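Asker: Here's a structure for you.
Read-outs: derived from the displayed coordinates by stated rules, not from any lab. In this text the structure is predicted, and so the values were computed from the model without any measurement. All Cβ positions, glycine included, derive from the backbone under ideal geometry; neighbour counts span all protein chains shown.
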Amino acid sequence: MTKISQNGLEAGLLEVQTERLRLRAPNEGDAADLTRLLDDWNVAKWLARVPHPYQLADAYAFIEYSRAKESSEYDRNFIVVLGSELIGGVGLTGETAGVLELGYWIAREHWGCGYATEAAAGLIGYAETTPGCARLEANYQKDNLASARVLRKLGFRVCGEKSIFSLARNRDVSSTCVFLDLKH
């Protein structure tokens, strides 16, 4: 079950609670953990918008970008927290509510525990409450079988292939595009 709450301390801050995870806005206190976890080549190589090596300045830039988007219903980044430990990130991007893109990552030491599926499902629950959001899209690199399984479990269907530039790999990579029509 997904619980979505507005944080009363600061306008615009949302939290999404799943069975085991809390999804919350990133803050400066997350910078060191983000740097450590995203500087892992085995994580960064699967992500389009994450450079490698990942440095503290990259984490602060991500946090600042996320803070600037906090008032948007259509462009939000969340940190994935297990207990009190940062274990990943998940987000939605888009210019309008009609179609949003879902992205996620989990630290390597937490792979295989279902956290990516649970965090993404929590964000799908949030997207279903976003006025006008009718469809989610996602992309995964063709050889990222774990991500393909996560998206398939969540009900995404393949809609095509495209080339996406990967900052970590510094080249275009072949990706599979998937979509999920939301029920309102």
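Asker: Determine the shape class of the stretch 61-184: with a ≥ b ≥ c the square roots of the Cα gyration tensor eigenvalues, call it rounded for a/c under 1.5, and otherwise prolate if a/b is greater than b/c, oblate otherwise.
Answerer: It comes out rounded by the Cα gyration axes.
Asker: Given +1 on the Cβ of Lys and Arg, -1 on the Cβ of Asp and Glu, and no further charges, what dipole in debye does the chain carry about its Cα centre, rounded to the nearest 20?
Answerer: The dipole magnitude comes to about 620 debye.
Asker: Let me ask something else. Once you list every other residue whose beta carbon is under 9 Å from the beta carbon of residue 179, what net charge do they have if Lys and Arg are +1 and Asp and Glu are -1?
Answerer: Summing Lys and Arg as +1 and Asp and Glu as -1 gives 0.
Asker: Ok, one more. Projecting each Cα onto the charge dipole of the chain (Lys/Arg +1, Asp/Glu -1 at the beta carbon, about the Cα centre), which of 141, 87, 50 comes out farthest on the positive side?
Answerer: After comparing all options, I get 141.
Asker: Same structure, new question: So between residue 28 and residue 93, what do we pick up on full extension, going 0.36 nm a residue minus the alpha carbon distance?
Answerer: Stretched fully, the residue 28-residue 93 segment lengthens by 21.3 nm.
Asker: Hey, what number do you get for the chain at 222 nm if only DSSP H runs of n ≥ 4 count, each worth -39500 (n - 2.57), divided across all residues, to the nearest 500?
Answerer: Result for the chain, helices only: -7500 deg cm²/dmol.
Asker: Given the options 45, 153, 69, which has the most mean-square fluctuation in a GNM of the chain, springs set between C-alpha atoms less than 10 angstrom apart?
Answerer: 153
Asker: Could I ask something else about it? Taking 0.36 nm per residue of sequence separation and subtracting the Cα-Cα distance, how much length would be gained by fully extending the chain between residue 111 and residue 55, in nm to one decimal?
Answerer: 17.9 nm
Asker: In a Gaussian network model over the chain where Cα atoms closer than 10 Å are linked, find which of 62, 78, 165 has the largest mean-square fluctuation.
Answerer: Largest GNM mean-square fluctuation: 165.
Asker: Now a separate question. Along the charge dipole of the stretch 3-134, pointing to its positive end and built from +1/-1 on Cβ of Lys, Arg, Asp and Glu, which listed residue (98, 71, 113) has its Cα farthest out?
Answerer: Going by the Cα projections, it comes out as 113.
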